[in-house]
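The values are calculated or read from the model by the stated rules, or taken from the named source; none is laboratory data. Keep in mind that this is a model prediction, so the values were computed, not measured. Cβ coordinates were reconstructed from backbone atoms using ideal geometry, including for glycine residues, and neighbour counts include every protein chain displayed.
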Number of protein chains: 2
Amino acid sequence: MKENKGTLPYSDEFQEFLAQFLTPERKEVMKTVIEERTRHITIAIEDIYQPHNASAVVRTCDCFGIQDVHIIENRNKYKVNPKVALGSGQWVNIIKHNELEHNSEACMLHLKKKGYKIIATTPHTDDISLYDLSIEEPVALIFGNEKNGITDVVRKHADGFLRIPMYGFTESFNISVSAAICLSVLAEKLRKMDFDWKLKEEEKKLIIHEWTKFRLGSIDKFEHEFKRLQELK
Amino acid sequence: MKENKGTLPYSDEFQEFLAQFLTPERKEVMKTVIEERTRHITIAIEDIYQPHNASAVVRTCDCFGIQDVHIIENRNKYKVNPKVALGSGQWVNIIKHNELEHNSEACMLHLKKKGYKIIATTPHTDDISLYDLSIEEPVALIFGNEKNGITDVVRKHADGFLRIPMYGFTESFNISVSAAICLSVLAEKLRKMDFDWKLKEEEKKLIIHEWTKFRLGSIDKFEHEFKRLQELK
């Protein structure tokens, strides 16, 4: 599912028309899930080269209610591993940054413009524990690639650095595990905050519409039928 | 590293003799790591069949200071995937339950006898959120295998059931990710408790001795040299 811009390119009537083709159980699940979605926390992954890692991150975002995933493609293109993603790419908005020469820079500026603090997940002399990270302001967590971690561009733009506290001889996790730990903890923290971290009503409607279209498969025939009905009225 | 029984099968002099062959940095790391080790929380994995999953769990235990990992082998034998384990099997005590017909039962009884509450990580009508789990008493988390989850034997012995709160369409993680989320959160919680969750001095000495032997490789030549020196005194 690509980025949606927050305007409704369809009428409420059309959505109502489509919704009748969903099972009541499916509608109920969508209603429950949308209420737990947030854009207060987002995530960007930079040049991940193993499809199972990127797919696992996307799936983790769905699990913890993170609606937007930013994918920076400099050298490596995002490919889905369907066995790992389990279709989760249809439930979150995947925003690709791949059209410029400096996509990391573009993504950082995009996130800052949207009001996010850039938190690079990498050890640093000034890093902060995951458990102490403030989420009063919107936060974008940036994960670097498997081999080299985050790039200098991300480092330059970072407002903070995050580490998962560890105490052993081995002190590293792969990116899918790191992302899961971070998002589980922050999703829990978010639900204890007293500000409104949920989506706006317009955002919810738009996403529910996208989910509905996805569930119904090709909606050409539905559009056709809907228009026919409108004309009869 | 196998289970050690808490008695010292060597003298303090011998350990001092061996320690001189470690670099100061290595000794310092061991000293730091041992102070963060605990047996207040432990983990058991039941019949895991993918070596990379079991190895990842062992590595995660090292990362979060969990000293004992129980491995129940009914149908599947534990095999190490060295690329995933990164040698972590030498830093934690791996206690295998594989000699009886009912190894899950044996492991549960063993853990209960040691004073652990059995917490099965599986959805259940009476489950509790990871974030609400009490760790006032010693806790053993049990993870079932990739396909079937925990067995009925574990279910029967469980004092509680644990779930990681999730809010999306996809609501499952593989065992290595689940274990990492659980242990990260509980390791953090433990460090905020005001009781003594660390190892006893005797336990620390014994483990340091095992780590030292591991670092030095075959210690036959060191034992021989040590005996010679003792005889000269």
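Of all residues in segment B:179-197 being within 13 Å of A:SER184 (Cβ to Cβ) and out of contact with any Ser or Thr (no Cβ under 6 Å at 6 or more places or on another chain), which is farthest from the other protein chains (Cβ to nearest Cβ)? For segment B:179-197, the residue satisfying everything is B:LEU186. A:ILE207 fulfils the conditions (1) more than 23 Å from A:HIS52 (Cα to Cα); (2) touching a Cys at 6+ places or on another chain (Cβ under 7 Å) except for a single criterion, (2). Being exposed (fewer than 14 other Cβ atoms within 10 Å of the Cβ), modelled with pLDDT of 90 or more, away from every other protein chain (no Cβ under 14 Å) and farther than 26 Å from A:SER178 by Cβ, is that true of even one residue in segment B:29-46? Within segment B:29-46, not a single residue is exposed (fewer than 14 other Cβ atoms within 10 Å of the Cβ), modelled with pLDDT of 90 or more, away from every other protein chain (no Cβ under 14 Å) and farther than 26 Å from A:SER178 by Cβ.
Name the pairs whose Cβ atoms lie under 7 Å apart, with the first residue in segment A:158-178 and within 8 Å of chain B (Cβ to nearest Cβ), the second basic (Lys, Arg), and 6 or more positions between them or separate chains? Note: pairs meeting the criteria are A:THR170/B:ARG59.
Scanning segment B:83-135 for residues that are within 14 Å of chain A (Cβ to nearest Cβ), in a loop (DSSP other than H, G, I, E, B) and touching a strand residue (DSSP E or B) at 6+ places or on another chain (Cβ under 8 Å) turns up B:VAL92, B:PRO123, B:LEU133. Of the residues that make up segment B:147-154, is at least one in a loop (DSSP other than H, G, I, E, B), within 13 Å of chain A (Cβ to nearest Cβ) and over 30 Å from B:LYS213 (Cα atoms)? Checked segment B:147-154: no residue is in a loop (DSSP other than H, G, I, E, B), within 13 Å of chain A (Cβ to nearest Cβ) and over 30 Å from B:LYS213 (Cα atoms).
Residue under question is B:VAL80, and the condition is that it be surrounded by fewer than 22 Cβ atoms within 10 Å (Cβ to Cβ), more than 30 Å from B:GLN230 (Cα to Cα), modelled with pLDDT under 90 and within 14 Å of another protein chain (Cβ to nearest Cβ); does it hold? For B:VAL80, the condition - surrounded by fewer than 22 Cβ atoms within 10 Å (Cβ to Cβ), more than 30 Å from B:GLN230 (Cα to Cα), modelled with pLDDT under 90 and within 14 Å of another protein chain (Cβ to nearest Cβ) - is met.
So for segment B:12-31 (the condition being of a type in the set (Val, Ile, Thr) and assigned to a helix (DSSP H, G or I)), does at least one residue qualify? Checked segment B:12-31: at least one residue is of a type in the set (Val, Ile, Thr) and assigned to a helix (DSSP H, G or I). For segment A:50-72, the candidate set comprises residues that are of a type in the set (S, T, N, Q) and assigned to a loop (DSSP other than H, G, I, E, B); within that set, the residue that is farthest from the other protein chains (Cβ to nearest Cβ) is A:GLN50.
Taking segment A:106-134 on its own, how many of its residues are of a type outside the set (A, V, I, L, M, F, W, C), without any contact (Cβ under 8 Å) to a residue 60 or more places away in the chain and closer than 24 Å to A:PHE173 by Cβ? Total satisfying the criteria: 11. If you check B:SER184, B:SER134, B:SER129 for being modelled with pLDDT of 95 or more and in contact with a Pro (Cβ under 7 Å, 6 or more places away or on another chain), only one passes: B:SER129. Candidates are the residues of segment A:175-211 that are of a type outside the set (A, V, I, L, M) and outside any helix (DSSP H, G or I); the one that is farthest from A:ILE135 (Cα to Cα) is A:LYS200. The single condition from (1) exposed (fewer than 15 other Cβ atoms within 10 Å of the Cβ); (2) closer than 23 Å to A:MET193 by Cβ that A:ASN98 fails is (2).
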